[in-house]
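Values in this text are rule-based calculations from the coordinates and carry no lab data. In this text, all values refer to a predicted model and were calculated from it rather than measured experimentally. Reconstructed Cβ throughout: ideal geometry from the backbone, glycine too, with neighbour counts over all protein chains shown.
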Amino acid sequence: MTTSTVVLYGDSMLGRFTKPRIDALEQAVGVPATVLNCAAGGWNSADCARRAPALAPLRPDLMVLSLGSNDCAPWKQVPVDAFADHVTEILAAFSHSYVVGLLPPVILEVDRPGLGRRRNADLDRYREVLRAKTEGCVEVDRILAGVTRVPTLEADGLHLTSSSYDLVVPALADAMTVGLRAATGRA
């Protein structure tokens, strides 16, 4: 069996996938896969749309896309229609890839002095775009629902804790397995 290529692309939700998390993801996927992390903290959909043509020649079998958390920040405020256009541009560049959306979790609405606060009501609109445009989704908020024994978010109210990633990685691996099997059928 050949080894599939997977690109993680987007914001810090994927940018925080360190070597141990990537290794765990590769081991948990039901088919041989090499995972390349091309995500960075702070990126929004415009950043990713601009860089997509440079990454698309990698021709990954699957791309995991995580966006929305930075787009909805009041200090970056990418309008939802522009976000949708950016996601469409990214998907067009990766038209040969199966795409799984890693949807941002429900966040704690924390004030950032002089900047404002991200709001879940706004983030929901970005989540819906990503959900509608990708072929598969990992619903992080559903995975973390009901977890009470440990914090699910860092003190900043946005980023996942290590224990949250421990729950997200298997679900993401499952979605990747489905996507890679579907991508194999396309070839």
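Brief remarks on what is shown
- With the convex hull of the Cα atoms taken as the outline of the chain, the averaged projected area works out to 10.2 nm².
- Working note: 222 nm ellipticity from helices only, DSSP H runs with n ≥ 4, each -39,500 (n - 2.57), summed and divided by the residues of the chain, gives -13500 deg cm²/dmol to the nearest 500.
- Cα-projected label distance for A121 with K76, points at 7 Å along beta-carbon direction, nm: 2.2 nm
- Between 0 and 90°, nearest 10: helix 45-55 axis offset from the chain longest Cα axis: 20 degrees
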